[in-house]
Amino acid sequence: MSELELFEEDDFTDDKPSKGKFNVLRGELQNRCKAANIPFEEVEGFVEEDIAARIALPCGREKRWIYCWDISDYEQLLGIQFERYTFLDGLDAICAYDKGEIEALVRPLAAPMPSRIAYSRLFGISPQEFSSLQPKLGITLSSLSEDPKTTISLSSASKELIALSGRRSILSLKIQREGISQHEQAQKILQKLSDALFFQIDLLTDVPLLLSRDRKNSHRPKRKKSDIQLELKYPCAEYDSAPISLYWYARSAIGMPLLQFLAYYQVIEFYYPTYSQAEARRRLKSILKDPTFRGDRDADIGRVLSAIHITRNGAVGDERSQLKATLSECIDPDALREFLVSDPQRAEFLASKTKGLTDHKLPITAANVDLRNDVAERIYEIRCKIVHTKTDARTGEFELLLPFSKESEQLHFDIELVQYLAQQTLVSASTAI
């Protein structure tokens, strides 16, 4: 339905027929959900006194809610056999076990080209032809083996996927294979075939493609506009060019949680030589002032050497101790606690274990505990899981933290934390203009 048709229908007709149609469609949707044992709920709409609806379809071990805000949403949903579909966790993807079908939305990876140009290059047509040819475009490939016989295709997204995902993506990847009966099995098949196909496409066309991710954890609002009172003053402090550049890089890395976390961490890391040396000087003074210290005793000389162990970048101590020293110098413990408890969701998440992400909980409920060391331990553990080597993974020293994984999608609270630490470190290390 075009925008003009919606305008004519919604703005020049009486409200009563529309409300009556809403009720009819809502009742039909509720009856179908009841028959299929699908959760159905009524929720508040965008307009006061307006009622919307939502239904929950299986998504692995959880549920994913689909909302109906207006008549077109109801009509789209009622126009498909939504009862037969399940979502694949973390993706804009659906699966129908009875048909042996998987379908996932596809988008170009962050590349210096608009989607229209990327898809035109993919299908070998000019951008001018894309609009007229797009519904007919498609690539279909079949496996040589009959066990199991598999067909994959890149073509326009189906009305089923559009209705269930709520997205208007142009392209989807479809997989047809008999015997798909479990969520994890479907996920593995989709990931394996999409990685292989997309890598081949990238090599041949220089068009990087990606499966579209579920948006449930993206862009969590921090503050309402009404809470912000803008009171600018003439700049009185300047910041080192390298770490402030890393900070802006992190701010721009929206949708890339591992890269964003690491860039904020590198802001703090820049100051390791400065603040770890200050900590080493204090430790060294304490050792030398000890009345029992003797310069001719090997054990005492060992204590001195441990205190002034210098790394290749000029910092003192191992990386974990350098992080702790930097946070001790730059972060106020009371301000850190206030930041952590200012958001109940953030406090609850950071105070609990997150399987696959970190086992280190922050003791936020312990009112008298200085949280800086615990924060350093948590941040360092996540950092190691992002940058560890292949050898580390084989020996089991660190678990893999991979892009596009469920664990990486849970990083938003830790990213907020390391962003705060980076900001406070920049402020502490700033100099007068």
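The values are calculated or read from the model by the stated rules, or taken from the named source; none is laboratory data. Computed from a predicted structure; not experimentally measured. Cβ placement follows ideal geometry from the backbone for every residue including glycine, while neighbour counts extend to all protein chains displayed.
General observations
One line per residue, one yes/no per condition, for (1) over 19 Å from residue 140 (Cα atoms); (2) at pLDDT 90 or above; (3) assigned to a helix (DSSP H, G or I):
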{"position": "72", "(1), (2), (3)": "yes, no, yes"}
{"position": "98", "(1), (2), (3)": "yes, yes, no"}
{"position": "107", "(1), (2), (3)": "no, no, no"}
{"position": "111", "(1), (2), (3)": "yes, no, no"}
{"position": "116", "(1), (2), (3)": "yes, no, yes"}
{"position": "121", "(1), (2), (3)": "no, no, yes"}
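- Spans of helices (runs of 4 or more DSSP H) in region 179-280 with at least 2 residues more than 27 Å from residue 387 (Cα to Cα) and modelled with pLDDT of 90 or more: 183-205
- Which numbered condition residue 360 misses (of (1) over 26 Å from residue 258 (Cβ atoms); (2) at pLDDT below 90): (1)
- Subset of region 125-143 that is in contact with a strand residue (DSSP E or B) (Cβ under 8 Å, 6 or more places away or on another chain) and over 11 Å from residue 153 (Cβ atoms) - its residue that is modelled with the highest pLDDT: 143
- Applying the set (1) assigned to a loop (DSSP other than H, G, I, E, B); (2) on the phi < 0 side of the Ramachandran plot; (3) modelled with pLDDT under 70 to residue 314 leaves exactly one unmet item: (2).
- Test for residue 146: is it in a loop (DSSP other than H, G, I, E, B) and over 23 Å from the mean Cα position of the chain (by Cα): yes
- Check on residue 22, in contact with a strand residue (DSSP E or B) (Cβ under 9 Å, 6 or more places away or on another chain), assigned to a helix (DSSP H, G or I) and modelled with pLDDT under 90: yes
- Meets criteria (part of a loop (DSSP other than H, G, I, E, B) and crowded, with 18+ Cβ neighbours inside 10 Å) for residue 89: yes
- Top-ranked residue in region 51-86 [being among the small types (Gly, Ala, Ser) and farther than 15 Å from residue 182 by Cβ; ranked as surrounded by the fewest Cβ atoms within 10 Å (Cβ to Cβ)]: 79
- Options 346, 378, 337; residue that is in contact with a strand residue (DSSP E or B) (Cβ under 7 Å, 6 or more places away or on another chain), in a helix (DSSP H, G or I) and either among the hydroxyl-bearing types (Ser, Thr, Tyr) or in the same structural domain as residue 247 (by TED's automatic domain parsing) (or both): 378
- Selection count, region 404-427, where residues are surrounded by fewer than 18 Cβ atoms within 10 Å (Cβ to Cβ) and over 27 Å from residue 109 (Cα atoms): 3
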